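The values are calculated or read from the model by the stated rules, or taken from the named source; none is laboratory data. Owing to the predicted nature of the structure, the values given are computational and were not obtained by experimental measurement. Virtual Cβ from ideal backbone geometry, glycine too; neighbours counted across all protein chains shown.
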Amino acid sequence: MQKFDIAILGGGAAGIIAAISAGRKGKKVVICEKMPQLGKKILISGAGRCNISNHDLSEAHYNPEARGIVKSVFSRFGRERIEKFFNELGLKLYSDGKRIFPVTNQAASVLKVLEEELKNLKISIEFDFEVNHIAGSANGFIVKSKSGKTISCDSIVITGGGKTYPSLGSDGSCYGLAKAFGHKIIEPVPSAVPLLAKDRFCHLLQGQKIQCIAKSIIDGKIQKEIEGELLFTKYGLSGTAILDISEDISIAINRLGKIGVQVSIDMAPFIDKPSLKKEIETRISRHFAIENLMIGILPNKFSLVFRDLFKGASVEKIVDMLKDKRFDIIGAKGWNEAEFTAGGLDIKDIKEGTLESKLKKRVYFAGEILNVNGERGGYNLAWAWASGFVAGLTE
Ligand SMILES: Cc1cc2nc3c(=O)[nH]c(=O)nc-3n(C[C@H](O)[C@H](O)[C@H](O)COP(=O)(O)OP(=O)(O)OC[C@H]3O[C@@H](n4cnc5c(N)ncnc54)[C@H](O)[C@@H]3O)c2cc1C
């Protein structure tokens, strides 16, 4: 049986960088990866462009319970260290607003420079090695694969990811490995995910995009408000504004079993209520047909829904419907359409600064497997890089 200083379980963003940081310290490292290839999720990130980080990188962009641990990790490996790390590997970066991308606009370039560094550091990689058991040994651990292969190591870094896009490798199987050490799992739910709404509006307007302000409403209270793109779909609502407000909604419905969850859409964010009222009154005085009241403000396809919606309504009511159209949300799309996992390993049992388990010495965790959820905009990969690098130091 081969013996290593450190075994990295899962070769995604967090696992690859953990292997690099351990290898640079002169450790003998192996990555155990269940797929025949590393970093499959890196390749699809940012629609193939890979939004690797964000200029405004701070703990404020993560779930409140994770902010302490995120801060402790970014203080060791934050935005500047992430950029320097990639620059030194030869990956040139540029900014699109606050988002940071490779100049090639190719996620494949990100994976390539990482793979070259793994080669350079002579990191061993076991492909098709789906870890399904970790046993204690006299000096460390024996890691076993589903097909019966074993390796021995002194320390372990578990970087098996969350549950999104299971066909790319991460299906939550590493939660079981953590549970065996006594770790608690906060129920994982899909995040950055389209929402399901039973509403004729969605059906009739499917495929139509508009700029809007979207608000999530849970227990009658507004949770989050985002201005961005809304896409109507056959089953409900999608688009960046919806993905950005979806986390609280998915947790409320999928984890907490709440009902009465709504999304409010302001379909005309660029015009205030009094001006919109005046505009509609002018159009009525000019004998616009009711279905055409919003032509030139909203796409023509909206005429399909406005005849029924506005029939018999006062101008005030029409304005309310346009500025605060409510959709009852009945669920979220599943793991195959979610960008992130909300939930995962409870971070109360993880040491700040080093990411070592408080329950088992020489076991470390990094990346999406932890209950650390960043906003869209490079925050989840930034967490994977930073936490992977820090965990790989295994001090
Ligand atoms: C469509 C999409 C687009 C995204 N775009 C962005 C973006 O632009 N910017 C951003 O910041 N974030 C983005 N994300 C999120 C980001 O990609 C993830 O948060 C990040 O890749 C997580 O890295 P990870 O290493 O923790 O997990 P993963 O990348 O999921 O890697 C886990 C690895 O572990 C392996 N594994 C799992 N179980 C086992 C096992 N039992 N044994 C051995 N190996 C195992 C898996 O095969 C996988 O290779 C996107 C996600 C998706 C789905």
- All strands (runs of 3 or more DSSP E) inside the stretch 1-118 with 1 or more residues being under 21 Å from the mean Cα position of the chain (by Cα), within 15 Å of the ligand (Cβ to nearest atom) and under 22 Å from GLY377 (Cα atoms): 93-96, 99-102
- Task: Residues that are out of contact with any helix residue (DSSP H, G or I) (no Cβ under 8 Å at 6 or more places or on another chain): find the strands (runs of 3 or more DSSP E) completely inside the stretch 305-383 holding 2 or more of those.
- Result: 325-332
- Task: Tell me, yes or no, whether the stretch 294-314 has at least one residue that is surrounded by 15 or more Cβ atoms within 10 Å (Cβ to Cβ), among the β-branched types (Val, Ile, Thr) and touching a Leu at 6+ places or on another chain (Cβ under 8 Å).
- Result: yes
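Test PHE389 against the stated conditions and say whether it is modelled with pLDDT of 95 or more, within 30 Å of LYS277 (Cα to Cα) and crowded, with 18+ Cβ neighbours inside 10 Å.
Details: modelled with pLDDT of 95 or more: yes; within 30 Å of LYS277 (Cα to Cα): no; crowded, with 18+ Cβ neighbours inside 10 Å: yes.
Taking the combined requirement at face value, the residue does not satisfy it.
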- Note on the structure: Residue pairs qualifying under the 8 Å Cβ cut-off, at least six apart or on distinct chains, with the first in the stretch 26-41 being assigned by TED's automatic domain parsing to the domain that holds SER170 and the second being more than 10 Å from the ligand (Cβ to nearest atom) and assigned to a loop (DSSP other than H, G, I, E, B), are LYS27/THR394; VAL29/LEU121; VAL29/ILE123; VAL30/ILE123; ILE31/ILE123
- Task: State whether the residues of the stretch 143-151 include one that is among the basic types (Lys, Arg), surrounded by 16 or more Cβ atoms within 10 Å (Cβ to Cβ), touching a Ser or Thr at 6+ places or on another chain (Cβ under 6 Å) and assigned by TED's automatic domain parsing to the domain that holds GLY23.
- Result: yes
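Among the listed residues GLU356, GLU352, identify the single one that is touching a residue at least 40 places away in the same chain (Cβ under 8 Å), within 29 Å of SER191 (Cβ to Cβ), away from the ligand (no atom under 16 Å from the Cβ) and in contact with a Lys or Arg (Cβ under 9 Å, 6 or more places away or on another chain).
Numbers: GLU356 fails: touching a residue at least 40 places away in the same chain (Cβ under 8 Å).
It is GLU352.
Yes/no per residue for (1) in contact (Cβ under 8 Å) with a residue 12 or more places away in the chain; (2) in the same structural domain as LEU322 (by TED's automatic domain parsing); (3) of a type in the set (A, V, I, L, M):
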| position | (1), (2), (3) |
| --- | --- |
| LEU205 | yes, yes, yes |
| ASP219 | yes, yes, no |
| LEU230 | yes, yes, yes |
| THR233 | yes, yes, no |
| ILE245 | yes, yes, yes |
| GLY257 | no, yes, no |
| ILE265 | yes, yes, yes |
- Query: Where residues in the stretch 245-272 are crowded, with 20+ Cβ neighbours inside 10 Å and among the charged types (D, E, K, R), which of them is nearest to ASP199 (Cα to Cα)?
  - Reply: ASP266
- For ALA60, indicate whether it is small (Gly, Ala, Ser), at pLDDT below 95 and surrounded by fewer than 15 Cβ atoms within 10 Å (Cβ to Cβ). no
- Item | Residue count for the stretch 132-179, restricted to those that are closer than 17 Å to GLY39 by Cβ and assigned to a strand (DSSP E or B) | 2
- Item | Number of the condition not met by LEU204 [criteria: (1) farther than 24 Å from VAL189 by Cβ; (2) among the aliphatic types (A, V, I, L, M); (3) crowded, with 17+ Cβ neighbours inside 10 Å] | (3)
